Amino acid sequence: MKRFVFSIGVLWSILFVAAAPAQETVTITLREQSGSGQSGTAVLRAMGDQTEVTVNITPGPAGVDQPAHIHEGTCANLNPKPTFPLTPIRDGRSTTTVNAKLTDLLTKPFAINVHKSAQEVSVYVACGEIVAALPRTGGESTGVPLWGGLLLLSVLLIGVSYALRRRLA
């Protein structure tokens, strides 16, 4: 019984800590540019060595594909060469998996840039900056990261299990 209680505490601790990083997401705001009337959000979700990027903006012209990319830099000072192409946005939505860790995208300034169309690629309609200072959604609560809270819970569970083990001895 003593070992069972201790083993349960250790098992829960491992499961909680191992599961936490997989839920990390960052939501950025895509602001209107060029009087386009298009704005929205992009949600970046960690997927191991990759990041899923889901863009939702006010739809542009019906049926028109709008190129979108992740560029180095900021919206005000964008490197014109895309670092990661995104699936073109159609009717306001796009989902792409890029070959970069979310943590890598947060280490230096990157921006998501949306173009009016393939024919008018020089017209930017929306842009949002990916920066490390952005709050994370689904992974933070009142300033304490979820994984940190789970780690604290794990330590507590191990301590309680150890105390019960000693008491039952």
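The values are calculated or read from the model by the stated rules, or taken from the named source; none is laboratory data. What you see is a predicted model, and the numbers here were worked out from it, not measured in a lab. Don't worry about glycine lacking a Cβ; one is built from the backbone with ideal geometry, like all the others, and counts go over all protein chains shown.
Residue by residue through segment 50-82, note down the ones that are polar (S, T, N, Q) and either in contact with a Lys or Arg (Cβ under 6 Å, 6 or more places away or on another chain) or assigned to a strand (DSSP E or B) (or both). Selection gives 50, 51, 54, 56, 66, 79.
Checked against (1) modelled with pLDDT under 95; (2) within 20 Å of residue 119 (Cα to Cα); (3) among the small types (Gly, Ala, Ser), residue 68 passes all but a single condition, namely (1).
One residue stands out among those in segment 76-99 that are among the hydrophobic types (A, V, I, L, M, F, W, C) and touching a Phe, Trp or Tyr at 6+ places or on another chain (Cβ under 9 Å): the one that is modelled with the lowest pLDDT, which is 78.
Within segment 70-108, restricting attention to residues that are hydrophobic (A, V, I, L, M, F, W, C) and in contact (Cβ under 8 Å) with a residue 40 or more places away in the chain, the residue that is nearest to residue 25 (Cα to Cα) is 102.
Does residue 45 fit the bill of being in contact (Cβ under 8 Å) with a residue 40 or more places away in the chain, part of a strand (DSSP E or B), out of contact with any Pro (no Cβ under 6 Å at 6 or more places or on another chain) and crowded, with 18+ Cβ neighbours inside 10 Å? Answer is yes for this residue. Any chance segment 86-104 includes a residue that's of a type in the set (Ser, Thr, Tyr), more than 17 Å from residue 115 (Cβ to Cβ) and in contact with a helix residue (DSSP H, G or I) (Cβ under 9 Å, 6 or more places away or on another chain)? Scanning segment 86-104, I find no residue that is of a type in the set (Ser, Thr, Tyr), more than 17 Å from residue 115 (Cβ to Cβ) and in contact with a helix residue (DSSP H, G or I) (Cβ under 9 Å, 6 or more places away or on another chain), so the answer is no.
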